[in-house]
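Working notes for the structure below.
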Amino acid sequence: MKVLETGLLGVVVIEPRVFEDGRGFFFESYHAERYAAVGIGVTFVQDNHSHSIPGTIRGLHYQLRRPQAKLVRVVRGGIIDVAVDIRRGSPTFGKWVAVELTAANKRQLFIPAGFAHGFCVLKEPSDVEYKCSDYYAADDQRGIIWNDPTLAITWAVGQPHLSDKDRAYLPLTEDRNDLPVM
């Protein structure tokens, strides 16, 4: 596998080694020892599967007391996957990266704990699977509004489908008391 750095320390794109022939393809979507060898020594405890229609934005989410590292991939369709550094005191606080993940390119995005995560579904219904390093805790979920003008994330959709919860989140400011500290 190949690991590609992004503009945020610890957030990396993973390109697996894919074996293709006339029958289809095969690749290891996760191998703990190989991932640890490239610096991803996280223990994952939960797998999630999200199915969304085109134009959906999910996020930007994070947990404060039970932060989650995530390993994200697409098994059908395509998304723009976004990680935002929300760690107070970080030199890259408020910076973000966006990576296109598709079933065709088989890329993965690793997002360490301390980052908000969200994605935008592109042209077709999409299935996203992601591993988490801690369990989902409904009372601990926090978020940032998807169209925060200070972040100015370039989403691939103008009028997204959003949950009521995602629509109600506040913008990111360093003085928020619900952000992790670096």
Inset, instruction - Please list, ordered by first then second residue, the pairs with beta carbon atoms under 8 Å, 6 or more apart or interchain, first in region 22-38 and in contact (Cβ under 8 Å) with a residue 60 or more places away in the chain and under 14 Å from residue 131 (Cβ atoms), second of a type in the set (Asp, Glu) and assigned to a loop (DSSP other than H, G, I, E, B). - result: none
Legend entry - Given (1) surrounded by fewer than 18 Cβ atoms within 10 Å (Cβ to Cβ); (2) under 30 Å from residue 163 (Cβ atoms); (3) without any contact (Cβ under 8 Å) to a residue 60 or more places away in the chain, number of the condition residue 55 does not satisfy: (3)
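Say whether the condition of being farther than 30 Å from residue 171 by Cβ, modelled with pLDDT of 95 or more, under 13 Å from the mean Cα position of the chain (by Cα) and of a type outside the set (Ser, Thr, Tyr) is met by at least one residue in region 56-71.
No, there is no match, as no residue in region 56-71 is farther than 30 Å from residue 171 by Cβ, modelled with pLDDT of 95 or more, under 13 Å from the mean Cα position of the chain (by Cα) and of a type outside the set (Ser, Thr, Tyr).
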Inset, instruction - Looking only at region 165-181, decide whether some residue is at pLDDT below 95, among the aliphatic types (A, V, I, L, M) and in a strand (DSSP E or B). - result: yes
Inset, instruction - Please enumerate the residues belonging to region 144-178 that are aromatic (Phe, Trp, Tyr) and over 16 Å from residue 115 (Cα atoms). - result: 155
Legend entry - Selection within region 1-29 - closer than 16 Å to residue 111 by Cα, surrounded by 13 or more Cβ atoms within 10 Å (Cβ to Cβ) and touching a strand residue (DSSP E or B) at 6+ places or on another chain (Cβ under 7 Å): 3, 6, 8, 11, 12, 13, 14, 15, 29
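The values are calculated or read from the model by the stated rules, or taken from the named source; none is laboratory data. Predicted model, so just to flag it, every value in this text is computed and none were measured. All Cβ positions, glycine included, derive from the backbone under ideal geometry; neighbour counts span all protein chains shown.
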